[in-house]
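Report on the following structure.
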Amino acid sequence: MSAGPLSSRFDRRADVLVGGLIVLVGVLVPLLNLLTPVDSPLHLSTYTVTLVGKYLCYALLALAVDLVWGYCGILSLGHGAFFALGGYAMGMYLMRQIGDRGVYGNADLPDFMVFLNWDSLPWYWHGFEHFPFAMAMVLLVPGLLAFVFGWFAFRSRVTGVYLSIITQALTYALLLAFFRNEMGFGGNNGLTDFKDLLGFDLKADSTRCALFAASALALLGGYALCRTIVNSKLGRVVVAIRDAEDRARFIGYRVEHFKVWIFTLSAVLAGIAGALYVPQVGIINPGEFSPLNSIELVIWVAVGGRGTLYGAIIGALTVNFAKTLFTGALPELWLFVLGAMFVLVTLLLPRGIAGLLKRGEAA
């Protein structure tokens, strides 16, 4: 039996399985938190709901990286920046909702601006008191940055390791900029002390469960969108560009247009993941721009298996679950474990966990 049909059938079954599991988790976890007694063995704590919700946001971020790396061949080491920008847009909305309930009781200025003796709200903070405007910024800011960056980079035919270095430099530049108090984003401390979202208390179990369900829905929608794209004619052209860019350009395809489109969409998905992440963890600071975070994203996708979509989800969940265990038990060893995991996968499982599952199916 040829590998193609088997792989196709395996992928279809994997899509159904992944979609079903996301729906099951998105429904079951909130129910076990809200409807079971605290002393019941089936009860899930709010901490667990928040932790798994964070994992789901990371899975959506990994999905965005796999779309641009696994299918388009663009190794981006800067997707953490798009994630952070989406998070900051959500954080700005949440800060505006605090009003006069802050430490200094100023209804117009966030606490950190009052502390720094700012006289008025910066122009780029206006509008974030409205939820629709903030959600539009969650999409537009990462998307616009990716579009402008991609337009210049791909038209200049920057590829390979040079493109990866430039994306990492972009992330590092944003890290340095957001650390500055003059930027008006809270400096080193970032944005925190959020109170409510759409009038609902962020500390309430019901709100936490709603955010969890929203994260599961966003992951399911992102997965369906990415799968639709890669199975379409557009997806086949993108894969052709990944495998033979010069040939695709020779037969008439505007390669840079396809790359910019996929890169921008991937950035938007990363921004959505960041926006869902922030109200669950309760803080956003410049550390999210760290180049190390973007490198870690690539490791998630490599461990799960790039170019499969479901592999990215598997990798994000697996690595972050391991991170939770090791940083709790042996925090000083986690980076060594992460590095060893990447080396072992590269040497023994070049196609990641997804490739191992496919081999098991073929056997």
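The values are calculated or read from the model by the stated rules, or taken from the named source; none is laboratory data. As the structure is a computational prediction, the values presented were derived from the model and not from experiment. Quick reminder, even Gly has a Cβ in these numbers, built from the backbone with ideal geometry, and neighbours come from all protein chains shown.
Given the structure, is ALA216 buried (at least 17 other Cβ atoms within 10 Å of the Cβ), aliphatic (A, V, I, L, M), farther than 24 Å from ILE313 by Cα and out of contact with any strand residue (DSSP E or B) (no Cβ under 6 Å at 6 or more places or on another chain)? So that I can check it myself, show each step before the final result.
Values: buried (at least 17 other Cβ atoms within 10 Å of the Cβ): yes; aliphatic (A, V, I, L, M): yes; farther than 24 Å from ILE313 by Cα: no; out of contact with any strand residue (DSSP E or B) (no Cβ under 6 Å at 6 or more places or on another chain): yes.
The answer is no for ALA216.
List pairs: first in segment 46-61 and surrounded by 24 or more Cβ atoms within 10 Å (Cβ to Cβ), second of a type in the set (D, E, K, R) and assigned to a helix (DSSP H, G or I), Cβ under 9 Å, 6+ apart or cross-chain?
Listed pairs, sorted by first residue: GLY53/ARG208.
Looking at segment 312-330, can you tell me whether even one residue there is basic (Lys, Arg), closer than 21 Å to VAL239 by Cα and in a helix (DSSP H, G or I)? I'd like the intermediate steps shown before the answer.
The first filter runs over segment 312-330 and keeps only residues basic (Lys, Arg), leaving 323.
Narrowing the set further to residues that are closer than 21 Å to VAL239 by Cα leaves none.
Within segment 312-330, none of the residues are basic (Lys, Arg), closer than 21 Å to VAL239 by Cα and in a helix (DSSP H, G or I).
Restricting to segment 148-157, name every residue that is in a helix (DSSP H, G or I) and under 12 Å from GLU256 (Cβ atoms). Show your work before the answer.
So the first thing to find is which residues in segment 148-157 are in a helix (DSSP H, G or I), and the list is 148-155.
Hits for segment 148-157 are GLY150, TRP151, PHE152, ALA153, PHE154, ARG155.
Step by step: first the residues of segment 274-329, then only those that are within 19 Å of SER215 (Cβ to Cβ) and without any contact (Cβ under 8 Å) to a residue 24 or more places away in the chain, then the one that is surrounded by the fewest Cβ atoms within 10 Å (Cβ to Cβ). Which residue is that?
The qualifying residue surrounded by the fewest Cβ atoms within 10 Å (Cβ to Cβ) is LYS323.
Looking at the structure I just gave you, is PHE179 over 30 Å from ARG208 (Cα atoms) and out of contact with any Phe, Trp or Tyr (no Cβ under 7 Å at 6 or more places or on another chain)?
When the stated conditions are applied, PHE179 does not pass them.
Out of all the residues in segment 234-279, which are at pLDDT 95 or above and either part of a loop (DSSP other than H, G, I, E, B) or farther than 19 Å from ASP66 by Cβ (or both)?
If the condition is that a residue be at pLDDT 95 or above and either part of a loop (DSSP other than H, G, I, E, B) or farther than 19 Å from ASP66 by Cβ (or both), then ALA275, VAL278, PRO279 are the ones that fit.
Would you tally the residues in segment 280-311 being assigned to a loop (DSSP other than H, G, I, E, B), closer than 21 Å to LEU191 by Cα and small (Gly, Ala, Ser)?
Within segment 280-311, the first condition is being assigned to a loop (DSSP other than H, G, I, E, B), and the residues that meet it are 282, 285, 290, 305-309.
Next, only the ones that are closer than 21 Å to LEU191 by Cα stay: 282, 285, 290.
Of the ones still in play, those that are also small (Gly, Ala, Ser) are 282, 290.
Within segment 280-311, residues that are assigned to a loop (DSSP other than H, G, I, E, B), closer than 21 Å to LEU191 by Cα and small (Gly, Ala, Ser) number 2.
Scan segment 153-182 for residues that are of a type in the set (Gly, Ala, Ser) and surrounded by 15 or more Cβ atoms within 10 Å (Cβ to Cβ) and jot them down. Quick ask: steps written out before the conclusion?
Taking segment 153-182 as the starting set, the residues that turn out to be of a type in the set (Gly, Ala, Ser) are 153, 156, 160, 164, 169, 173, 177.
ALA153, SER164 - these are the residues of segment 153-182 that are of a type in the set (Gly, Ala, Ser) and surrounded by 15 or more Cβ atoms within 10 Å (Cβ to Cβ).
Residue by residue through segment 183-205, note down the ones that are in contact (Cβ under 8 Å) with a residue 60 or more places away in the chain and exposed (fewer than 13 other Cβ atoms within 10 Å of the Cβ).
Pass one, segment 183-205, residues in contact (Cβ under 8 Å) with a residue 60 or more places away in the chain: 184-198, 202, 205.
Residues satisfying the conditions are ASN188, LEU198.
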